[in-house]
């Protein structure tokens, strides 16, 4: 009997102690989660740097001909890929290129439920490495005319006269960026059926 | 039953106790004792620290950069010792930084960092730091966080009472701890007394470039000049130095230099001496000392050997130098933010002695002298004494200030920091350190404007404080919150080498100026290659110069042929990136030197001796990009006299 009472009260005291402890832990936990859940999905794209040469994302954002592409990149939340150390070659379809798609395609892709498809389409426009127009011509000259894309597709590079085509899309211009190359193209790169 | 009641009561008492402790822990989270220490030194992932701390590496010869309050280590800046990681002292560009009158010295003992000031307030432009062993002063840029200048100090040995700056960084000073014959000569050691000299050096700092110039040396009596502090505010224009071994002993100093009841603090009116020198005073004497400057344009250091120095004899400038008697081999010499109080910590004394600048001026004006030493007037101890902190601890060393009227002194023997009040000299608080603290640092705590939020104590001994790592265990720094009446130990963290002294500064005075990369268009390196199209390989007898570039993710050229056995090959490598945080590295199999770690826009050079025929690879040593592993190349070495032509290529073109 005596032992029981003793145990009960010891247990009571322990509960008080543990209650005390757990409330402290909760406080701490809440506070730390407040600061750590702040993490932005932008990743490195949130780095403020106006001194370095512009990266692929900054070049795209600065181009009035690529507002659709930029909107798509933002909808897909893949900005951080375009600011990574790379090196990366991005084929950047112009707004006119997106306009060539069947009506409603872009609007549909931009819907949140289609983020997976959108991401895949956009990723198909990126190749590891640095390939500007001259480098693409060299690839053809050396018989290395299959360009490996980040989606595991191989796209054919062709040269007609002075012009270079990737998967049938014409490369209109190459822009050197701090982390790779932006090649402006006149078509959206879709897998050949 | 009685026992039951007793137990009941005891249990209630236990519960009450536990409630009490619960209550008090709630108070703790509001900032009183203990409890939420981790939170107060915690800097969340992605967040920045509030302060930079530049912590001397002591016998590592370097300067490490920490954040406070987190204690996170950001960088180790090589200063006086070679560093294979950053190629400092290994690449062709920085070898000259370690040149001295003794030749190339690969190691140093870094002691006292001090941040440049304007009007007695930290301005965050440069850190100065002294080398004790082969006397030198270095300047570190707080834009590049690299050592940009090192000047040797002649006629000096054990360069310890250094490298402190005056209110407007007019001067950075250096003082000799070990007096020596000046000029150096062959003479019996036991004829030290009266013959050895203690040189105190004043280096003018260019207000724009920061470049140092050894203006003059004061040839003081042969004491040991231990620590120094410039006057602040009202005492601006003066410099104060603690001395020991006023006995002028030359052997068994632990006994023979502890004979006098009092040694001196030397008070030097540098403005008066500056004026004397400006009017043609002083005497040029031959001296040999190196002055090494690193250029951010050529990315290369140049070393100039100087041949003379202007010396000043105290007797020639009457009224400029006085001795303030201070008990028992004073070590720390610290001046409070107002400039009124000069604290001398006699390391063998039971008390901390504080002198009054006002009283000192008064005694000088009234010529109240107790005597003289080598023609330098000695003031009366009582005439200049402001007060004494009585028996605050054992082995007082160094004092810093919080700008709120409090001083904080470290005690080596009793392993503690003691907070006391300026003016009343009463002890307010004491906290243990773990263990055997040397210096302490409050950001700005030796200037006119301390940022009195944190105090860092730097310990010489840690023994059981961390996981053991064999006989050599880490030294440490300890962070205290000093915003309340009582100091609170928040954190202790390991340091690089010996954390001899440190300088702290609010991050927002430094971080915005931190350089992101070097502009290629400003690159004036004589072997720079600014465009991949311009790469080349040039033979000059048995020497071959490779002009190479690097950019994600290849070297140009990456195939080199026509190198011959016995050739000395210089790889001059330019990083073409113009992007923040994209350094590339390079090293070559069998190179008798370190890697290069080349910042964007920078050119560096390493030498490779082609000792053996074969095809030898080189590669990028810094994980730069997704195709980093592909960043590699080959050098073909043919027999001497081979007809393999010199050629270079990338992608066989």
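Annotation: the antiparallel percentage among DSSP beta bridges lying fully within region B:542-608 is about 60. For chain B, the antiparallel share of DSSP beta bridges with both residues in that region comes to about 90%. Computed from the Cβ-Cβ distance with R0 of 30 Å, the FRET efficiency linking residue A:107 to residue A:186 stands at 0.90. Measuring between their Cα centroids, region B:317-341 and region B:108-147 lie 23 Å from each other.
Taken over chain B, the ratio of Cα radius of gyration to 2.2 N^0.38 Å equals 1.11.
Size descriptors for region B:523-649, from the alpha-carbon set: Rg then Dmax equal 13.8, 45 Å. Distance between the C-alpha centres of region B:556-592 and region B:160-216: 42 Å, rounded to the whole angstrom.
The modelled label-to-label distance between residue A:145 and residue A:42, using points 7 Å beyond Cα along the C-beta direction, is 4.3 nm.
Take the convex hull of the alpha carbons in region A:54-185; its mean projected area over all directions comes to 7.6 nm². Our helix-only sum for chain B, with -39,500 (n - 2.57) per DSSP H run of n ≥ 4 divided by its residues, gives a mean residue ellipticity at 222 nm of -2500 deg cm²/dmol. Here the calculated FRET efficiency for residue B:543 and residue A:154, from their Cβ-Cβ distance with R0 = 51 Å, stands at 0.65, rounded to the nearest 0.05. Once the Cα-Cα distance is subtracted from the 0.36 nm per residue extended length, the residue B:514 to residue B:374 segment shows a gain of 45.5 nm. For region B:606-653 and region B:229-281, write down the distance between their C-alpha centroids in whole Å. A separation of 58 Å, based on Cα centres.
Need one word for the protein assembly as shown: rounded, prolate or oblate. Basis is the Cα gyration tensor (sqrt eigenvalues a ≥ b ≥ c); a/c below 1.5 gives rounded, then a/b vs b/c decides. Oblate, because a/c is 1.5 or more while a/b does not exceed b/c.
Rule-based calculations on the coordinates, nothing more; no lab input. This is a predicted model, so every value here is computed, not measured. Because the Cβ atoms are built from the backbone with ideal geometry, glycine has one as well, and the counts that use them run over all protein chains shown.
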